[in-house]
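**Q** Pasting a structure below so you can have a look.
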Amino acid sequence: MLKTAYSVLCIAGTVLPISQFVKFLLAEGLNVNAFFAQLFANDISSFFGLDLIVSSLVLLLFVFTEGTRLKMKNLWVYVASNLLVGVSLALPLFLLMRHRKIEETPS
């Protein structure tokens, strides 16, 4: 059940943010200045932007400490997922793979 939930969240965590990013790309192209101007356009968007940045850093710390502890391979995949899509993909993906690793590790 938990693996299914993580899998569904990986899909939602990819599709939902990417759908909005594609709309931005169609309107603005790869305009980094417009991206940051919109990200920090007001107090609420700044709140979410800063929350996301801190959450991403926490996720990276968690991935490397927990992934190393469990001897998980290919930790770069979660970093790439975080950078290319966001925490909404990288976190459930890491938790899914962590869950699988714990299940396959003999007690």
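**Q** Suppose the filter is modelled with pLDDT of 95 or more, hydrophobic (A, V, I, L, M, F, W, C) and over 18 Å from the mean Cα position of the chain (by Cα); does Ile11 pass it?
**A** Numbers: modelled with pLDDT of 95 or more: yes; hydrophobic (A, V, I, L, M, F, W, C): yes; over 18 Å from the mean Cα position of the chain (by Cα): no.
Spelling it out, it is not the case that Ile11 is modelled with pLDDT of 95 or more, hydrophobic (A, V, I, L, M, F, W, C) and over 18 Å from the mean Cα position of the chain (by Cα).
**Q** Do we find that Lys3 is part of a helix (DSSP H, G or I) and touching a Lys or Arg at 6+ places or on another chain (Cβ under 8 Å) in this structure? Step through it out loud before you land on a result.
**A** Numbers: part of a helix (DSSP H, G or I): yes; touching a Lys or Arg at 6+ places or on another chain (Cβ under 8 Å): yes.
Taking the combined requirement at face value, the residue satisfies it.
Residues checked against (1) without any contact (Cβ under 8 Å) to a residue 24 or more places away in the chain; (2) over 21 Å from Leu2 (Cα atoms); (3) exposed (fewer than 11 other Cβ atoms within 10 Å of the Cβ); (4) out of contact with any strand residue (DSSP E or B) (no Cβ under 8 Å at 6 or more places or on another chain):
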{"site": "Val22", "(1), (2), (3), (4)": "yes, yes, yes, yes"}
{"site": "Leu25", "(1), (2), (3), (4)": "yes, yes, no, yes"}
{"site": "Gly29", "(1), (2), (3), (4)": "yes, yes, yes, yes"}
{"site": "Ala34", "(1), (2), (3), (4)": "yes, yes, no, yes"}
{"site": "Ser45", "(1), (2), (3), (4)": "yes, yes, no, yes"}
{"site": "Ile53", "(1), (2), (3), (4)": "yes, yes, no, yes"}
{"site": "Leu61", "(1), (2), (3), (4)": "yes, yes, yes, yes"}
{"site": "Pro92", "(1), (2), (3), (4)": "no, no, no, yes"}
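**Q** Any idea how many residues of the stretch 3-27 are hydrophobic (A, V, I, L, M, F, W, C) and in contact with a helix residue (DSSP H, G or I) (Cβ under 6 Å, 6 or more places away or on another chain)? Break it down stepwise before answering.
**A** Let us first name the residues in the stretch 3-27 that are hydrophobic (A, V, I, L, M, F, W, C), namely 5, 8-12, 15-16, 18, 21-22, 24-27.
From the residues that got through so far, the ones that are in contact with a helix residue (DSSP H, G or I) (Cβ under 6 Å, 6 or more places away or on another chain) too are 9-10.
Of the residues in that region, 2 qualify.
**Q** Okay, next question. Working only within the stretch 72-91, note down all residues that are out of contact with any helix residue (DSSP H, G or I) (no Cβ under 8 Å at 6 or more places or on another chain) and outside any helix (DSSP H, G or I).
**A** Narrowing the stretch 72-91 to residues out of contact with any helix residue (DSSP H, G or I) (no Cβ under 8 Å at 6 or more places or on another chain): 73-74, 76, 80, 83-84.
Selection gives Lys73, Asn74.
**Q** Another question, if that's okay. Does the stretch 95-105 contain any residue that is in contact (Cβ under 8 Å) with a residue 60 or more places away in the chain and either surrounded by 15 or more Cβ atoms within 10 Å (Cβ to Cβ) or in contact with a His (Cβ under 7 Å, 6 or more places away or on another chain) (or both)?
**A** First, the residues of the stretch 95-105 that are in contact (Cβ under 8 Å) with a residue 60 or more places away in the chain: 95-96, 99-100.
Filter once more, so that each one left must be either surrounded by 15 or more Cβ atoms within 10 Å (Cβ to Cβ) or in contact with a His (Cβ under 7 Å, 6 or more places away or on another chain) (or both): 95-96.
Yes: one or more hits.
The values are calculated or read from the model by the stated rules, or taken from the named source; none is laboratory data. The model shown is predicted, which means the values in this text are computed figures rather than measured ones. Counting neighbours? That spans all protein chains shown, and the Cβs are built from the backbone with ideal geometry, glycine included.
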